[in-house]
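Presented below is the structure to which this report refers.
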Amino acid sequence: MTKLRLAGESEMPISDYDQPAQFGWHEFYDFRNHVIRVLRRFGSAGPCGQADLSVADDDAPSFENEIVEDPDFFVVDDMWNEHDRLSLVESDPKHITADVIEALAEMASAFPRWRVVLKLGDCGLDVFGDKVIVGGRRFWDCNTVKDLVSRCAMPIDYGPVTPFPETMYPLWLAVVTGKYRSSQEFPEPPDRQWQEAMLVLEEMIRRQAPGEPLSSFAYDRIQRDLHPRTRLQLVRHFLENISSYPQPSVEEARSNVLEDAGEAMAWSAIPADCKSLARSVSTAQISVATWSKPNDIVFWWPYVLSAIGEPKPALKPILVGELRGLLNNSNSWIQLSAVFSLALLRVDDIVEVVDRAMNVNADWSRNEALCDWLRRLKGGSTMYPSLELA
């Protein structure tokens, strides 16, 4: 195939979300099926297999019966939206080879404007039919696919830890709250990580409608350029000062902040840092519980745990200890968040945890769907509830 070139943010497609739907689920799952077939040549791909495209347009897709547990390539089965032509794949960088990238690109060349988004934890690649757009400090200074693969095979050298970036905190805050408009509103970047971040942000703002700020989703394009320790410092500062920010800003930043908090705890090897950050997460949850939607409060800690993934042995007791303390909080939704989080961590006494919480909150018994879900937690389920909390 034609030699693939590496590209930057300037070549990322622009989607106009004000336009009608650009494609339907048949097109999406057709592309995803091709992604699955390619990746199966290099490892396991799933957990859901290929979709059956023979059903009518108004029917939901069905998938192959076999579920692949812990696949090398986790191919997301939900359609992102009806405007961005992409299939999202999560994987460890160690599974990425030149053959994988080139095979995906060769396949994508038959699907104009479609791409495979490889989310690799600390970095990312967007593979099109003719190019690869790179993201994250792991790929700084890479010029070829060979360079990418070489970087995927080794750990990242993050370099020395820098002090809290006071001059850059306002920029970070603007990005995570969806208020970033121009780099001219902020000081000169003090080091390369902020230089790289600003270059990406300015390219993104160049393609925005004049005067429009970037959405908080823009953070996804720069967070992998930042040192994990820097992100830990930033997110802790936000959480510790959360009551000083306007409610709309907190709501906008919530998913970015909680994801960063979880990833910071997963990355850190210092128990004191993890314990301090876990306390900050809970304190922030308590602070916003007076005005946040119940669902947002209940899923506050589960969202952090999702970002952590499987916690390290030294981290799990820190998390369990923090969450057990929240079982005594006066806010019932914070209690429910702790109950669900302890279920996600698979504590041995989950039956007693659920029973105690239900006895304290007698009004829960009036919500049949909630009670059914809690009974499932007692049986070992870790499924998210499909219910609205009032």
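The values are calculated or read from the model by the stated rules, or taken from the named source; none is laboratory data. Note that the structure is a prediction, hence the values are computed from the model and not measured. Neighbour counts run over all protein chains shown; Cβ positions are idealised from the backbone, glycine included.
Identify the residue in segment 43-73 that is touching a Gly at 6+ places or on another chain (Cβ under 7 Å), surrounded by 13 or more Cβ atoms within 10 Å (Cβ to Cβ) and of a type outside the set (A, V, I, L, M) and, among all such residues, is nearest to residue 109 (Cα to Cα). It would help to see each step written out before you state the result.
Within segment 43-73, the first condition is being touching a Gly at 6+ places or on another chain (Cβ under 7 Å), and the residues that meet it are 57, 63-64, 66-68, 71-73.
Now restrict to residues that are surrounded by 13 or more Cβ atoms within 10 Å (Cβ to Cβ): 63-64, 68, 71-73.
Still in the list and also of a type outside the set (A, V, I, L, M): 63-64, 71-73.
Working: 63: 25, 64: 26, 71: 25, 72: 24, 73: 21 Å.
That would be 73.
Which of the helices (runs of 4 or more DSSP H) found entirely inside segment 321-390 contain at least 2 residues meeting this: closer than 27 Å to residue 262 by Cα and among the aromatic types (Phe, Trp, Tyr)?
332-344
Starting from residues that are out of contact with any helix residue (DSSP H, G or I) (no Cβ under 8 Å at 6 or more places or on another chain) and modelled with pLDDT under 95, keep the ones in segment 241-271 and report whichever is nearest to residue 221 (Cα to Cα).
Out of the qualifying residues, it is 269.
Just to verify a result, which residue in segment 1-37, among those that are aromatic (Phe, Trp, Tyr) and surrounded by 14 or more Cβ atoms within 10 Å (Cβ to Cβ), is farthest from residue 89 (Cα to Cα)?
23
Take segment 137-171 and flag every residue that is closer than 16 Å to residue 237 by Cα, in contact with a Ser or Thr (Cβ under 9 Å, 6 or more places away or on another chain) and at pLDDT 95 or above.
Of everything in segment 137-171, those that are closer than 16 Å to residue 237 by Cα, in contact with a Ser or Thr (Cβ under 9 Å, 6 or more places away or on another chain) and at pLDDT 95 or above turn out to be 168, 171.
Residue by residue through segment 339-390, note down the ones that are exposed (fewer than 12 other Cβ atoms within 10 Å of the Cβ) and in contact (Cβ under 8 Å) with a residue 60 or more places away in the chain.
388, 390
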